[in-house]
Amino acid sequence: MTEPSPPRFRVFLKRNIFVLCAGAGVLTFFAPPARANDDDDELTAIKEQIHALESRVVAIEKHRHGQRVTSGKGRQSISGLTRQSSASLKKPLDLAGGGGETPVEPQAEFSAGKPREPFFHFGSPQQSGGSQQTAADERSSVDLSSSSPLAITQTSVDRLPPVFSIGNISVRIGGFLELSNIWRDSNLTSGPATAWNNFPYANSPNHGLSEERLSAQLSRLSTLLEANPTPSTRLQAYIESDFGGSGGSTNSVQINGYVPRLRQGYFTFTQKDWGFHLLMGQAWSLATGYAKGVLPRNEQLPAVTDNNQIPGITFTRVPQIRIGKDWGQKYWLALSIEDPQATVAYSSTVASGDRLPAVGSNTVGPRVYYENAGGALLNPDTQYTDNPVPDIILKSAVDTSVGHYEVFGLARWFRSVIQSPGAARTHKDTQFGGGVGGGMTVPLGTPKLQLTGNVIAGEGIGRYGPTLLPDTTFNSRGQLTPVPELRGALGLIGHPDKSVLLYLYGGVETAGRRRYTAANGSQYGYGITDQNLSGCDIEFGTCNAQTRTLASFTTGGWWHFLDGQYGSVMAGVQYTYIRKFAFRGNDGMGNSVYPTTTGNTVYVTFRYLPFQ
């Protein structure tokens, strides 16, 4: 339907006829020929007629456009019209021009109805360039009242007014400039993302060697494009990037030239009447917890400053195809097909194409092929596992007055190519893994306090956690065997003030054993218990400990302390304590050894959000 043009209010005098045009309507009044001494009476009569029509014009506008047009604004326009009309009436009228119409007032608009937009202009498609923003657009988009505020965990671009539009597509730009000061009590040589499983044992000189660095790599830019072809259809495209990548020439000696990287890049299609949702591109995994529903940019991400989240959280960002269905925006069901890259761990170094230790009466073990270096448009310095099909995730969720709850299932497949001992040819082998999990976000009696939690248990689910415990290991036949794992986290988020957010998280990740005994009598696989680990507590000692459990405690907060027409400024601080436990070993004299190590990190972060 074509949008009605904005109403026009015009006054014309043609000889002894008074004509008033309001929108598409025309009202005509006949007046007797004016005499000089009757000017004041005639002007008074005209004013009374205009004021009488004012309430009618306002009523018509409310009915046609559903917009609130206050009588005060109307009177102001009418008054201006009356004053200028009065001045014009006092001037002599040129009636010798063959009956031409002489307008008293060019036009007076009473409604901000949607005008015809140019193809490209600054401002949203609903607003002409130069029109005033609504109160909703003028308020800050930094909202810390959520358990997972977008202004912290992502970029809050949805709450921003469009910067400009291209045709009927609105363009919103979000992001922030960030500076983080990172301190760790052990040297990991890491940027603003902590590799939690890399905290060294006491045998390493890096243990207890504190690390301190400044970084602006997490400065982020995002763009959201949106179109609404029909009232029930919405198309969106979202892209988000930071500078967490590194190239071959990247260094911190001269210019700290870290390169942009893709965080998220996807488009969505939503049909509201059907409750149908489609996502295609790179986004947070469907296995990630959600604060509401299962739609993108509603993820329940911890409001922490560390870019690697915290141990115990289930998350990853991957290419995917996702379809979803909602019933009344309350019940949700979604299916996602996602990138299947896997992680492999083994008790000894086994490159793709190497042989494993022999078992039984064999003199050689099976030869295994399971990964290759990156090719075109992939990183040639990274190994990519060979997987037969994508991961599949099915999730259901419900939003109630007492919180958000969800459950999901994860299915994965792992493939290796094996040359068995004595065989002339190879054969392919595929193993199944996966798990089940759930999450919740619950208000604790008040909107100022929320409890969040997530858990997942299964086999071959390591890559979905921040500590990157292994997905698989090898068994004696060269098959990729999924490693059992349990992961979970619990968080308490408080909002003592609308500009302050405080958080407290605890998390744990633990892995089980997948091992076998070779012909030489030694154990291989993951979770072996026959290693001499006495050197783990001695500097320069030998320590091949395999991680069994990581437990963490994290606390911190954010303060949104500056907000104005030129953006917002926030400050955040975070402290994380982590303890790493290895599988049991021995000291070479028959005594059990349980190596452990700890880590402490402190983040202080400042963010300037120019668009908020």
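Numerical summary
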| read-out | value |
| --- | --- |
| Number of the exception - residue 579 against (1) open to solvent by less than 40 Å² (accessible area, probe 1.4 Å); (2) modelled with pLDDT of 95 or more | (1) |
| Filtered residues of the stretch 149-168 (kept if under 23 Å from residue 450 (Cβ atoms) and open to solvent by 10 Å² or more (accessible area, probe 1.4 Å)) | 150, 153, 158, 159 |
| Pairs where the first residue, in the stretch 382-409, is assigned to a strand (DSSP E or B) and the second is of a type in the set (Ser, Thr, Tyr) and open to solvent by 60 Å² or more (accessible area, probe 1.4 Å), C-beta under 6 Å, 6+ apart | 398/331; 398/405 |
| Search result, residues across the stretch 434-474 that are in contact with a strand residue (DSSP E or B) (Cβ under 8 Å, 6 or more places away or on another chain), outside any strand (DSSP E or B) and surrounded by fewer than 19 Cβ atoms within 10 Å (Cβ to Cβ) | 444, 447, 448 |
| Those residues of the stretch 410-432 which are touching a strand residue (DSSP E or B) at 6+ places or on another chain (Cβ under 8 Å), over 22 Å from residue 383 (Cβ atoms) and outside any strand (DSSP E or B), in sequence order | 420, 425 |
| Test: residue in the stretch 424-431 that is closer than 30 Å to residue 362 by Cα, surrounded by fewer than 19 Cβ atoms within 10 Å (Cβ to Cβ) and at pLDDT below 95 | yes |
| Residue in the stretch 169-190 that is without any contact (Cβ under 8 Å) to a residue 60 or more places away in the chain, of a type outside the set (D, E, K, R), open to solvent by 40 Å² or more (accessible area, probe 1.4 Å) and within 18 Å of residue 602 (Cβ to Cβ) present | yes |
| Some residue of the stretch 561-574 being within 21 Å of residue 462 (Cα to Cα) and buried (at least 16 other Cβ atoms within 10 Å of the Cβ) | no |
| Selected residue [hydrophobic (A, V, I, L, M, F, W, C) and in contact with a helix residue (DSSP H, G or I) (Cβ under 9 Å, 6 or more places away or on another chain)] from 345, 351, 373 | 345 |
| Qualifying residue in the stretch 542-560 (condition: free of Cβ contacts under 8 Å to residues at least 60 places away in the same chain, crowded, with 16+ Cβ neighbours inside 10 Å and not in a strand (DSSP E or B)) | no |
| Residue 359 buried (at least 16 other Cβ atoms within 10 Å of the Cβ), part of a loop (DSSP other than H, G, I, E, B) and not basic (Lys, Arg) | yes |
| Condition met for residue 202 (at pLDDT 95 or above and outside any strand (DSSP E or B)) | yes |
| Residue match in the stretch 266-281 (condition: closer than 27 Å to residue 337 by Cβ, open to solvent by less than 20 Å² (accessible area, probe 1.4 Å), of a type in the set (Gly, Ala, Ser) and free of Cβ contacts under 8 Å to residues at least 24 places away in the same chain) | no |
| Failed criterion for residue 319 (all others in (1) open to solvent by 20 Å² or more (accessible area, probe 1.4 Å); (2) over 15 Å from the mean Cα position of the chain (by Cα); (3) at pLDDT 95 or above hold) | (2) |
| Considering residues of the stretch 322-342 that are modelled with pLDDT under 95 and polar (S, T, N, Q) only, the residue most open to solvent (accessible area, probe 1.4 Å) | 329 |
| Matching residues in the stretch 524-555 - criterion: being on the phi < 0 side of the Ramachandran plot and of a type in the set (Gly, Ala, Ser) | 534, 535, 541, 545, 551, 552 |
| Condition met for residue 493 (open to solvent by less than 80 Å² (accessible area, probe 1.4 Å), part of a loop (DSSP other than H, G, I, E, B) and at negative phi) | no |
| Residue identified as over 17 Å from residue 461 (Cβ atoms) and either out of contact with any His (no Cβ under 9 Å at 6 or more places or on another chain) or among the basic types (Lys, Arg) (or both) among 262, 286 | 262 |
| Criterion: touching a strand residue (DSSP E or B) at 6+ places or on another chain (Cβ under 7 Å), touching a residue at least 40 places away in the same chain (Cβ under 8 Å) and open to solvent by 50 Å² or more (accessible area, probe 1.4 Å) - qualifying residue of 235, 218, 214, 225 | 225 |
| Which numbered condition residue 381 fails, given (1) loosely packed, with under 14 Cβ neighbours inside 10 Å; (2) acidic (Asp, Glu); (3) modelled with pLDDT of 95 or more | (3) |
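Conditions tested, residue by residue: (1) outside any loop (DSSP other than H, G, I, E, B); (2) in contact with a Pro (Cβ under 9 Å, 6 or more places away or on another chain); (3) over 30 Å from residue 150 (Cβ atoms).
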{"position": "476", "(1), (2), (3)": "no, yes, yes"}
{"position": "504", "(1), (2), (3)": "yes, no, no"}
{"position": "508", "(1), (2), (3)": "yes, yes, no"}
{"position": "519", "(1), (2), (3)": "no, yes, yes"}
{"position": "528", "(1), (2), (3)": "no, no, yes"}
{"position": "536", "(1), (2), (3)": "yes, yes, yes"}
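This table checks each residue for (1) touching a helix residue (DSSP H, G or I) at 6+ places or on another chain (Cβ under 9 Å); (2) within 28 Å of residue 602 (Cα to Cα).
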| residue | (1), (2) |
| --- | --- |
| 478 | no, no |
| 490 | no, yes |
| 532 | no, no |
| 547 | yes, yes |
| 584 | no, no |
| 589 | yes, no |
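The values are calculated or read from the model by the stated rules, or taken from the named source; none is laboratory data. No experiment lies behind these values; they were computed from the predicted model shown. When we count neighbours, we look across all protein chains shown, and the Cβ atoms used for this are built from the backbone with ideal geometry, even at glycine. These area figures cover heavy atoms from the full protein model, side chains too; ligands, DNA and RNA do not enter into them. Shrake-Rupley method; radii C 1.70, N 1.55, O 1.52, S 1.80 Å.
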